[in-house]
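Student: Provided herewith is a single structure, encoded as structure tokens, for subsequent inquiry.
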Amino acid sequence: MRIALVGQPNCGKSTLFNRVAGYKSLSANYPSTTCEPTTSPVALDGQTFELVDMPGFYSLASTEPDEVCTIKNFSDRKPDLLINVIDASALGRSLELTLEITELGIPFLVCLNMMDEAQRKGVVIDSAHLARDLEVPVVATTASSGKGVAELFRAALAVTQAPVHRQGTFFMSADVEGAISELSSHIPSAVAAQTGISARLMAIRLLEPDDELIARLPDQPALLDAAAQLRQHLEQTHGRPSDVVLSSERHALALNLFEHVAKVRRSSAPTVTQSLDRFVMHPYWGPALLLLTLIVFFSLVFGVGHLLETPLLSGFERLGQYLARLLPRHSLWASIAGGLVQGLAGGIGMVLPYLLPFFVLLALLEDVGYIPRIAVLMDSALHRIGLHGKAIIPFVLGYGCTVPAVMSLRLLESSRDRLVGGLLVNLIPCAARTTIIFALVGFYLGPGPALGFYALNLLVVVTVGRLLFHLLPEATPGMVLEVPSYKAPALKSLLNKVWYRIKEFIVIAWPILIVGSIALSLLEYFDLAGLINRALAPFTRTLLGLPAEVGITLISGLLRKELAIAMLGQALGTTQIDTVMSSTQLVVYTAFSVYYVPCLATLAMLQKVIGLRQTIGVALATTVIATLLALGLRLILGW
Amino acid sequence: MVTEKKAMTSTTLEILTQGQQATILEIRGGRSIRSRLSGQGLHPGDHIRVVQSSHLGGPIVIEIHDVTTAIGRGMASAVEVEVIR
């Protein structure tokens, strides 16, 4: 049995899902964090069912890609029962989707979530009355504290055992209903059965018009013709596009229902959220607070990360030495074991110490509700590179690790925005790239040049962004973003979210790191480094003016960015790198290794989010950018 | 007469200032803009209050049906409104 949670973005579906499914879904205090349906088996009172957490969408009539995909999932594999999760504090708006769900013909019940938030806003809902009007069970919950969750799923199981057959239909105005019933009469029953939806729903979709449905009916010219005529008639009599006519009708029905079942006691005093937002989203104080937040954020990430990294790395070093003593010297096995330890050390010792505090702080900012406010503040700046405010989220994440940054690209609506974001986010120095900058430029040339690298980086991001803006000018329709109320973060759900993200990183990145690390050891064992260096020499030595020995380190940098520098000492045969490389060479090498092809873990994730072709495009583009930048620096700083 | 009065007070959401209240008259723009705005609960006849006006080309933040929503400037210019006060 499949039970699906459906609802508008930010209504608490994922929090609810996590309550029962054992923390598998990602939730945050900003809309649309779930982008692919997450499924989990759930056992309750001796019964088991499959629970699906659907991505949030505002309307079944939506034209946005993510939402369309959700609706498709529906028709592909219909769930047995829907739980329509509603943000009780935004009941009026949420009921529009509920009314659309009544037309689907799938049994459902309503979960009135965020009852605490509704109370704070002075919205009092008579859930029994709502249940009577909708003819389905309504259960009130506060998923964040777990209140009412068990009752909800008991009610859901009860519905699956004794399905409720709704009798009534929420009728729109007479002339719209006239058009719907006339069009319904034109729909052959075989066609309705084939699409799996009722004739009424099909008529509504054809009137909207739902282009995807129309594309599926090429052999029904008479029906499409009738739909076009009725649509034209509606548009003429209402003086508005037919999609606006239908959504306004649903809106009126929803508001009517809302007034029936809810009372709003508005207080004149501003709420905590309203008072805070005066400051947080203020044109001048807002950016100042944002800057301060980011400074504290990154100081903490690097401070804690450094504190954890040192003991972990020395532990792995001892493990490596122990294994080296245990295994025959220069044997194949010793080489494989060395690679394995290197791989583990990279994943656990070098990346995790920074990722852990980063995820904790990020989860804190998310759960409090600061992220959408950052998006509001950054919207106009990001418009200059053809993106909108929401894109700030992957960028901020990118300073920690590009992998979660790429994951968050799903927040952006259009594939064009995801591609642009996917390229730009790979130009942001992640913690590993920061390691290279600090260990080479910072250590040998001083903190000034290292900071210069960051200034240069912003210039590169803006330049490439502007360039992409001209190359791919498809204007984004702009940002529409719900700004949720501030919430006190709950420790348990916060830690669970951190764990979920770390787990996702481990699952995708660690196997690649370990296998790659072993492959690298084998290259060394079979003494192939020289061969690779010679093959790369025209590029490394002739073009960039670097020692040919760095060739192999660029290959290992593909695996993990900071591995390039870890290997550099070995490749050059000295830890005093400044004795064999000039300042210019250090800068050129750093620039190239920071910008060229993202690491394998990032590529794997990027492929999942934006597709293979686009990922190859990003890899090529970053290599070109890295080469141009390295060459430019070489020319400016002298041979 | 009525149409004349409308023409005098109707403007777009984009240029409202903080604290102003207005009624939505019409949502212009293409299908995708209309669908996104109606999804967020913006329909002709609805009442809105401006939480934060658009500055430096940034989005305008409004309150509608008890929900706070940020709307990019381009989209906000597609929403025709009548100022109440």
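Student: Tally time: how many residues in the range A:563-576 are open to solvent by 10 Å² or more (accessible area, probe 1.4 Å) and assigned to a helix (DSSP H, G or I)?
Tutor: Final tally of qualifying residues: 7.
Student: Taking the range A:288-346 as the search range and keeping residues that are in a helix (DSSP H, G or I) and basic (K, R), which one is nearest to the chain's Cα centre (by Cα)?
Tutor: A:R318
Student: How many of the residues making up the range B:69-85 are in a strand (DSSP E or B) and at the interface with chain A (Cβ under 9 Å from one of its Cβ atoms)?
Tutor: 3
Student: Looking at the range B:52-68, which of its residues are under 12 Å from the mean Cα position of the chain (by Cα), at the interface with chain A (Cβ under 7 Å from one of its Cβ atoms) and of a type in the set (A, V, I, L, M)?
Tutor: The one that is under 12 Å from the mean Cα position of the chain (by Cα), at the interface with chain A (Cβ under 7 Å from one of its Cβ atoms) and of a type in the set (A, V, I, L, M): B:V61.
Student: How many residues are assigned to a helix (DSSP H, G or I) and within 27 Å of the chain's Cα centre (by Cα) if we restrict to the range A:264-286?
Tutor: Qualifying residue count for the region: 5.
Student: Would you call A:V550 in a helix (DSSP H, G or I), open to solvent by less than 10 Å² (accessible area, probe 1.4 Å) and out of contact with any Phe, Trp or Tyr (no Cβ under 7 Å at 6 or more places or on another chain)?
Tutor: no
Student: Looking at the range B:69-81 only, could you name the residues that are of a type outside the set (A, V, I, L, M) and either without any contact (Cβ under 8 Å) to a residue 40 or more places away in the chain or open to solvent by less than 30 Å² (accessible area, probe 1.4 Å) (or both)?
Tutor: Residues satisfying the conditions are B:T69, B:G72, B:G74.
Student: Within the set of pairs 6+ apart or on separate chains, which have a first residue in the range A:209-222 that is open to solvent by less than 40 Å² (accessible area, probe 1.4 Å), a second that is at pLDDT 85 or above, and C-beta atoms under 6 Å apart?
Tutor: Between residues of the range A:209-222 that are open to solvent by less than 40 Å² (accessible area, probe 1.4 Å) and residues that are at pLDDT 85 or above, the close pairs are A:L213/A:R205.
Student: Further, regarding this structure: Can you name the number of the only condition in (1) under 21 Å from A:A405 (Cβ atoms); (2) open to solvent by 20 Å² or more (accessible area, probe 1.4 Å) that A:V594 fails?
Tutor: (2)
Student: Can A:L603 be described as over 23 Å from A:L459 (Cα atoms) and without any contact (Cβ under 8 Å) to a residue 24 or more places away in the chain?
Tutor: Answer is yes for this residue.
Student: Go through the range A:414-461 and give me each residue that's closer than 24 Å to A:L559 by Cβ and among the basic types (K, R).
Tutor: A:R433
Student: On the given criteria, is B:G45 on the phi > 0 side of the Ramachandran plot, at pLDDT 90 or above and either more than 7 Å from every other protein chain (Cβ to nearest Cβ) or in contact with a helix residue (DSSP H, G or I) (Cβ under 6 Å, 6 or more places away or on another chain) (or both)?
Tutor: yes
Student: Could you look through the range A:127-168, keep only residues that are charged (D, E, K, R), in contact (Cβ under 8 Å) with a residue 60 or more places away in the chain and assigned to a helix (DSSP H, G or I), and pick out the one that is least open to solvent (accessible area, probe 1.4 Å)?
Tutor: A:D133
Student: Looking at the range A:1-39, which of the residues that are assigned to a strand (DSSP E or B) and modelled with pLDDT of 80 or more is most open to solvent (accessible area, probe 1.4 Å)?
Tutor: Looking at residues that are assigned to a strand (DSSP E or B) and modelled with pLDDT of 80 or more, I get A:R2.
Student: Is it the case that A:A88 is crowded, with 23+ Cβ neighbours inside 10 Å, in contact with a strand residue (DSSP E or B) (Cβ under 8 Å, 6 or more places away or on another chain) and at pLDDT below 90?
Tutor: So A:A88 fails the test.
Student: Does the range A:437-479 hold any residues that are modelled with pLDDT under 85, closer than 19 Å to A:L387 by Cβ and open to solvent by less than 50 Å² (accessible area, probe 1.4 Å), and which are they?
Tutor: Across the range A:437-479, the qualifying residues are A:T476, A:P477, A:G478, A:M479.
Student: Another question, then. Answer yes if at least one residue in the range A:164-172 is more than 28 Å from B:G41 (Cα to Cα) and out of contact with any helix residue (DSSP H, G or I) (no Cβ under 6 Å at 6 or more places or on another chain), and no otherwise.
Tutor: The answer is yes, given that some residue of the range A:164-172 is more than 28 Å from B:G41 (Cα to Cα) and out of contact with any helix residue (DSSP H, G or I) (no Cβ under 6 Å at 6 or more places or on another chain).
Student: Now, a different point. Here is a check on your reading of the model: is A:E235 more than 12 Å from every other protein chain (Cβ to nearest Cβ), part of a helix (DSSP H, G or I), surrounded by 15 or more Cβ atoms within 10 Å (Cβ to Cβ) and acidic (D, E)?
Tutor: yes
Student: Taking into account only those residues within the range A:259-289 that are open to solvent by 80 Å² or more (accessible area, probe 1.4 Å) and in contact with a strand residue (DSSP E or B) (Cβ under 9 Å, 6 or more places away or on another chain), which is nearest to B:G57 (Cα to Cα)?
Tutor: That would be A:R278.
Student: If you don't mind, there's one more thing I want to ask. Out of the residues in the range A:101-126 that are over 30 Å from the mean Cα position of the chain (by Cα) and not in a helix (DSSP H, G or I), which is farthest from the other protein chains (Cβ to nearest Cβ)?
Tutor: A:P107
Student: So A:L364 passes all but one of these: (1) open to solvent by 50 Å² or more (accessible area, probe 1.4 Å); (2) in a helix (DSSP H, G or I); (3) farther than 13 Å from A:V301 by Cβ. Which condition number does it fail?
Tutor: Unmet condition: (3).
Student: Please work out which residue is farthest from the other protein chains (Cβ to nearest Cβ), limiting yourself to the range A:457-489 and to residues that are among the aliphatic types (A, V, I, L, M), touching a residue at least 40 places away in the same chain (Cβ under 8 Å) and outside any loop (DSSP other than H, G, I, E, B).
Tutor: By that ranking, first place goes to A:V460.
Student: Scan the range A:417-427 and tell me whether some residue there is in a helix (DSSP H, G or I) and among the acidic types (D, E).
Tutor: Yes, the range A:417-427 contains a residue that is in a helix (DSSP H, G or I) and among the acidic types (D, E).
Student: I'm told A:S408 meets every condition in (1) surrounded by fewer than 23 Cβ atoms within 10 Å (Cβ to Cβ); (2) assigned to a helix (DSSP H, G or I) except one. Can you identify the failing condition by its number?
Tutor: Exception for A:S408: condition (1).
Student: Moving on to the next point. Take the range B:15-68 and flag every residue that is in a helix (DSSP H, G or I) and either surrounded by 20 or more Cβ atoms within 10 Å (Cβ to Cβ) or among the β-branched types (V, I, T) (or both).
Tutor: Listed by number, the residues that qualify are B:I15, B:I33, B:R34, B:S35, B:R36, B:L37, B:S38, B:G39.
The values are calculated or read from the model by the stated rules, or taken from the named source; none is laboratory data. Here the structure is a predicted model, which means the values were calculated and not measured. Glycine gets a Cβ as well: all are built from the backbone with ideal geometry, and neighbour counts include every protein chain shown. Remember, those area values only see protein heavy atoms, side chains included, never the ligands or the DNA or RNA. Shrake-Rupley method; radii C 1.70, N 1.55, O 1.52, S 1.80 Å.
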